[in-house]
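Novice: I have a structure here, written as structure tokens, and I will follow up with some questions on it.
The values are calculated or read from the model by the stated rules, or taken from the named source; none is laboratory data. This structure is a prediction, so every number in the text was calculated from the model and none was measured. In this analysis, Cβ positions are derived from the backbone assuming ideal geometry, glycine residues included, and neighbour counts consider all displayed protein chains. Surface areas here come from the heavy atoms of the whole protein model, side chains and all, with no ligands, DNA or RNA. Shrake-Rupley method; radii C 1.70, N 1.55, O 1.52, S 1.80 Å.
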Amino acid sequence: MFIADIRKDFYEVVANQRVVLLVAPDIDALCACKILQALFHCDQIQYTLVPVTGWQELGTAFLEHKEQFRYFVLINCGANVDLLEMLQPDDDSIFFICDTHRPVDVVNVYNDTQIKLLIKQDDDLSVPSYDDIFRDEDEEGEDSGNESDEGSEPSGKRRRFDEGAVERRIERQRAKREWEARRREILFDYEQYEYHGTSAAMMFFELAWVLTKDTKDMLWWAIIGLTDQWVHDKITNMKYVTDIATMQRHVSRHNHRNEDEENSLSIDCMRISFEYDLRLTLYQHWSLYESIYNSCYTSCSFKLWTLNGQKKLQEFLADMGLPLKQVRQKFNSMDMSIKENLRDVIEESSNKYGMKDIRIQTFGVHFGFKNRFLASDMVHATAALLESAEKDDSETDNFIKALDALSRSNIDRLHSGIALAKKKLIAIQQTVASCICTNLILSQGPFLYCYLMEGTPDVKLFSKPMALTLLCKYLLKSLCSFTHGVLDVEKGTVIVVGIPPESETSDKKNFFGRAFEKAAESTSSRTLHDHFDTSIIELKTEDRSKFLDALITLLS
Amino acid sequence: MFCEKAIELIRELHRMSDGQLPAFNEDGLRQVLQEMEALYEQNQSDVNEAKSEGRAKLIPSIKLRHCCLLRNQRCVTAYLYDRLLRIRALRWEYGSVLPANVRFHMCAEEWFSQYKKSLASFMRSLGGNEGLDITQDMKPPKSLYIEVRCLKDHGEFEIDDGTVILLKKNSQHFLPRWKCEQLIRQGVLEHVVS
């Protein structure tokens, strides 16, 4: 059921209890986790934090902890499946789920006792009403009860009643069949598309705000969570802008104290500011040229994999009057005269080249003299740390590293994350260029398909879901709907990611999740639907071709 | 030269200055004691000679040997006392059950157990009926609960009110400080400062 008052129904319930936090591996979940941890530290609520990377790990963690803990908080996992059936908990386990995955499973919505959803009842949830899906079992009982009653009456009367009873029974059965057909249709419509809702970090920040325990750190984490949703294309532009406005109110409330000259805060204090900044990833920590070359938006607009595109880029730079030598330097060492009006100059020129949205509303933080970061920088750095493909580190190690990088006291970890993110972006750019140039993208009927072979450079980087998704979206920018497969050598499986069609007004609803499930069933391919995003699955290499065939027939 | 063996003993302890306990140097100690015995014998015979025959020329050498004896005694007692202090520090560092690698070097087991007993009875006598564990919280703590991260799989861990926590690698927990201190010293948990 949905929780009405998050303070009373969630926070005060767990106030004197021990809690298990099960956190999914994405940046929004990490930020939400940090906020919740900070709140728990304030109030000394004992907890245990367990990172979970998929359904199996979730199940294992639950089994390990169910004896000792009653309260489980699931962050960014668990809303879109029937949790009670999957985990089979005892009656006194209570689950608090704060998840951005939609659609929320109907059982989770209508269960009153064990599942509490920390989700706002937005307009876009459109959960089917109770009566449409669940039918009281009493009516069946009445049916059989009537029949047995009638059976015991004397035979004479029975014959007369029988016809009436039979008619009524037939009527009831027909109504029941109709109701079931309608139910199936409603559920199919409801569960067809997968999309994302409000960021979990923002939900927990609101909780902190209601408790008046919010700090600038928590606000910054909430902003990072929101920006993660935007960077990885999980929410629409409209929603992003609306949520930014909400965050802007909080930011101005926190910045209220900096107003006067006399009592200015020390330079080491954290300041968050609203920026209408450029959409070039990591440009303040890189050189401007590299950033333009490797950002998704600019690279696709210029079509930098062609020679023509590169020439256009040179023209663009010349148009703005930026000498090449300056532009290839590290951003911090560029001339001040160039840096001053950079954003306006770039915006003007990019309008000429057809890039209308080169600037985007976002937030930046700075503390100390050296440390300035934009929210998207943090997202890229933390994502790179979370999915770094080092051999020795397990996934939970990466999780811990990424979690650490979000604290202000671990700046060097953040810098190493930025370095990794740069490598990742360069790898994505090169792979995209090679895919398009060597025509690796095949048209398979209703969708386009691209398969990265074993020997491709940086293929290890792309065996992680988030990096792969970024690559796909990059590839997608000028094309229509798309799936993508990457070979994971060790396990002999392929990771398949499905991306919905790209358009200006797309509502980011992804139908590939259900399509994958049906295709896997119909061909009995050996698939592993372990990731919390249903549009990412692992598939045995041998089954790849028949799976694709099934997918083609399904979607056409 | 006299007293050199004694200085060797002292140097050995001085080399391991950070509180580690080297093995008990029985040989060195025995040699020093033998030297002391030899000096004493010589002194005895010389004193008898000087007394009986009145040869005052022997007196400086008697004095020299006497000084050497005193120096040897001082060095040996310093050696033993320093080892004692280090063993005492072990009790405060590791608690009443010492890990195996530390116990290997010690030979003063008896002294250690006596010390443990007297410390325990002292602690019991404080704080009313329950006693007070003064080996906890050597520095004033900043908070009652701390966040710890598990560095290796340690299995189940019970806290004061009976709840059992599963310590798995890379899980983080928010636990009462006093329960975690032992495990932090052992290296199973790591204190996370954010």
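Novice: For each pair in B:Lys116/B:Lys168; A:Lys8/B:Lys179; A:Lys116/B:Lys152; A:Lys8/B:Lys169; A:Lys370/B:Lys142; A:Lys325/A:Lys424, compute the distance between the two Cα atoms and list the pairs where it is over 27 Å.
Specialist: B:Lys116/B:Lys168; A:Lys8/B:Lys179; A:Lys116/B:Lys152; A:Lys8/B:Lys169; A:Lys370/B:Lys142
Novice: Which one of B:Cys68, B:Leu175, B:Thr135 is farthest out on the positive end of the charge dipole of chain B, using unit charges on Cβ (Lys, Arg +1; Asp, Glu -1) and the Cα centre as origin?
Specialist: B:Cys68
Novice: Rank-order A:533-545, A:339-351 by packing density, defined as the average count of other C-beta atoms within 10 Å over each peptide's residues, highest first.
Specialist: Order by mean packing, descending: A:533-545, A:339-351.
Novice: Show which lysines lie in cross-link reach of A:Lys216 when reach means a straight Cα distance below 18 angstrom and same-chain residues fewer than eight apart are skipped.
Specialist: Cα-Cα hits under 18 Å: A:Lys34.
Novice: Ordering B:Phe157, A:Phe95 from largest to smallest accessible area (1.4 angstrom probe), what's the sequence?
Specialist: B:Phe157, A:Phe95
Novice: Please report the spacing between the Cα centers of the stretch A:347-409 and the stretch B:147-162 in Å, no decimals.
Specialist: 33 Å
Novice: Given a cut-off of under 8 Å on Cα pairs at least six residues apart, what relative contact order in percent is computed for chain B? Walk me through the intermediate numbers first.
Specialist: Values: 173 pairs, mean separation 32.1, N = 194.
It rounds to 17 percent for chain B.
Novice: Regarding the stretch A:35-107, what are the three Cα extents along the principal axes, ordered largest first, in Å?
Specialist: Taking the Cα atoms of the stretch A:35-107, the three principal extents are 34, 27, 22 Å.
Novice: Separate question: To the nearest 10 Å², what's A:Ile426's accessible area with a 1.4 Å probe?
Specialist: Roughly 60 Å² of A:Ile426 is accessible to a 1.4 Å probe.
Novice: Please list A:Lys213, A:Lys370 in order of solvent-accessible area, largest first, computed with a 1.4 Å probe with all protein chains present.
Specialist: A:Lys370, A:Lys213
Novice: Ok, one more. Other chains' Cβ within 10 Å of B:168-181 residues: what's the mean?
Specialist: Partner-chain Cβ atoms within 10 Å, mean over residues of B:168-181: 5.
Novice: Per residue, how much accessible surface does the stretch A:1-138 expose to a 1.4 Å probe? Answer in Å², no decimals.
Specialist: Values: 5120 Å² over 138 residues.
Roughly 37 Å² per residue, with all protein chains present.
Novice: For the B and A pair, go ahead and give the buried accessible area with a 1.4 Å probe, both sides summed, in Å² to 100.
Specialist: 1900 Å²
Novice: Can I ask one more? Find how many whole Å separate the alpha carbon centroid of the stretch A:222-242 from the alpha carbon centroid of the stretch A:15-62.
Specialist: Centre-to-centre (Cα) distance: 22 Å.
Novice: Kirkwood Rh, the stretch B:15-65, all Cα pairs: how many Å?
Specialist: Evaluated on the stretch B:15-65, it is 13.4 Å.
Novice: Which order do the peptides A:286-293, A:21-28, B:116-123 come out in when sorted by mean C-beta neighbours inside 10 angstrom, highest first?
Specialist: A:21-28, A:286-293, B:116-123
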